[in-house]
Amino acid sequence: MSSPWSRTVSRRTLCLLAAGGLALAVAACGDGDNTAQTGGKVKITVTGQPPTSQPFERSVFDADVQEFEAAHPNIDIDPHEGFMDPKTFSAKLAGGQLEDVYYVYFTDPAQIIARHQAADITEAVKGVPHVGDLKPELLDNFRDANGKLYGLPTMNYTMGLLYSRPLFQRAGLDPNKPPQTWDEVREAAKKISALGNGIVGYADYSKNNQGGWHLTGWLYSTGGDIARKDGDKWVADFDNEKGKKALQYLHDMRWTDNSMGAKQLLEAQDVQRMMGAGQLGMYMAAPDNVPVLVKQFNGKYEDYGIAGMPGGQGTLLGGEGYMMNPKASPEKIKAGLEWIQWKYLNPDRFEKHIRQYVDGKQPVGLPAEPTPDIWQGAVRDQQLALKAKYANVLAQNFQSYVDTTSHIKGSIEPPNAQQIYAALDSVMQAVLTDQNANIDQQLSSAASKVNSVLAQVK
């Protein structure tokens, strides 16, 4: 999936578009092609094949299919290009064309499970190796209220603070001791913006639903929330002191400190361009932004660091995984789970997968692909050791982030995230473009809109 910005943001954008489509999809899904077994083989269709515009990722995927089929002669993989395409996903659900194994964002499972659009794999997964080594909170994203399991996580991200090490040094800051609180971020931003020549201390998004997305990150970082369950219904939960505190920080950095620059109404590509050009000190991001800065905006890996989310009370958790067609036969479900585990959840292939990236001159050492932070315990230690062994970027520049992820609370996005973020965009825009914006009124108005959105959640 090609994108002008990060993989996280590009999929995030598609997710926002797809979320509305899910609501339009009918409960029937999948053609249940349980007859696709020839010569004793089980044939399964799977999504996740990268497009040809991503030649390295495509070559790795196709080679993995061949290797898997050689090791599992009773299974044929029919790979389908793409991930979660908002232009076709709803039609597939409604038209019975859903793959046997299909990709989802972390925002999707709750609605998919509620609409009976995924197979219950609770019993089938008991024989799958290493599922117990996955972080429990990631597995919980694929469970229903009764604890039944409907999918497996394969990648996750948590938001942190991405910063420019050269600008930290120029501003007299220690790049090996990044800010840990928003007060420290504010002070660092003032020092960086004082360098002049158009350099901005801190930047944030405020349009195309990305402002609402990042405001969610702000709320989580202060221990707040966007929505909470009240009995059987969801209600807005940001029109309070924590919501006001987050917006007051942004207002003060923008207007009192003038450390966010005059240009606002920014989105991911704008901010990444600033960082790549050496004109920005810090912004909220996930680790997969770093390769984008290097590959698309002429940055250098050694110039960037990532710290844990300031405040330390929480962070925005996102990610991806795979679910199974509810009409798939037991044989297909078993074959699909074998593929998911072998391809995505396989400690026995850690080293080989990492070497694929090294040989392809791709970055190793970031807390991202090819070493996603989805594991716990001994398996996580095994992965971290291999990452250190093969690192071709300065992994210590991201150690603060890695240390934080081991203990910080991660929360997924709210239900009906697309519509909620649209409502919250206006709040971010008001605070960052109007010095006299009334924060209380903005929060109250947005809460009313979000409550209307949440009333649609079933």
* Structure fact -> the stretch 136-207 accessible area per residue, 1.4 Å probe, protein heavy atoms, integer Å², reads 41 Å²
* To do: Report the convex hull volume per residue for the chain, counting only C-alpha atoms, in Å³.
  => 128 Å³
* Asked: lysines near Lys295 by alpha-carbon distance under 16 Å, same-chain residues fewer than 8 away left out - which ones?
  -> Lys361
* Asked: Between His407 and Ser59, how many nm apart are label points set 7 Å from Cα along the C-beta direction?
  -> 4.3 nm
* To do: Quick one: which residues, 5 or more positions from Met155 or on another chain, have an amide H under 5 Å from its amide H? H modelled 1.01 Å from N in the peptide plane, none for Pro or chain starts.
  => Glu320
* Once the other residues with Cβ under 14 Å from the Cβ of Tyr401 are scored (Lys, Arg +1; Asp, Glu -1), what is the net sum? -> 0
* Solvent exposure of the stretch 248-342 as accessible area per residue, Å², 1.4 Å probe -> 31 Å²
* **Cβ crowding within 10 Å averaged over residues, with 317-328, 64-75 ranked highest first** => 317-328, 64-75
* Structure fact -> Restricting to Cα pairs under 8 Å and 6 or more apart, the percent relative contact order of the chain works out to 24 percent
* Asked: Once phi is turned into θ = phi - 60°, what whole-Hz ³J(HN,Hα) does the Karplus curve with 6.51, -1.76 and 1.60 give for every residue of the stretch 48-56, x standing for Gly and Pro?
  -> x, 6, x, x, 5, 6, 10, x, 5
* Report the local net charge at Asn146: Lys and Arg +1, Asp and Glu -1, summed over other residues whose C-beta lies under 15 Å from its C-beta. => -2
* Asked: Taking all protein chains as present, what is the carbon and sulfur share of the accessible area of the chain, in % to the nearest whole number, probe 1.4 Å?
  -> 48 percent
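The values are calculated or read from the model by the stated rules, or taken from the named source; none is laboratory data. Given the structure is predicted, the values throughout are model-derived calculations rather than measurements. FYI the Cβ positions are ideal-geometry reconstructions off the backbone, even for glycines, and counts take in every protein chain you see. SASA here: full protein model, heavy atoms, side chains in, ligands and nucleic acids out. Shrake-Rupley method; radii C 1.70, N 1.55, O 1.52, S 1.80 Å.
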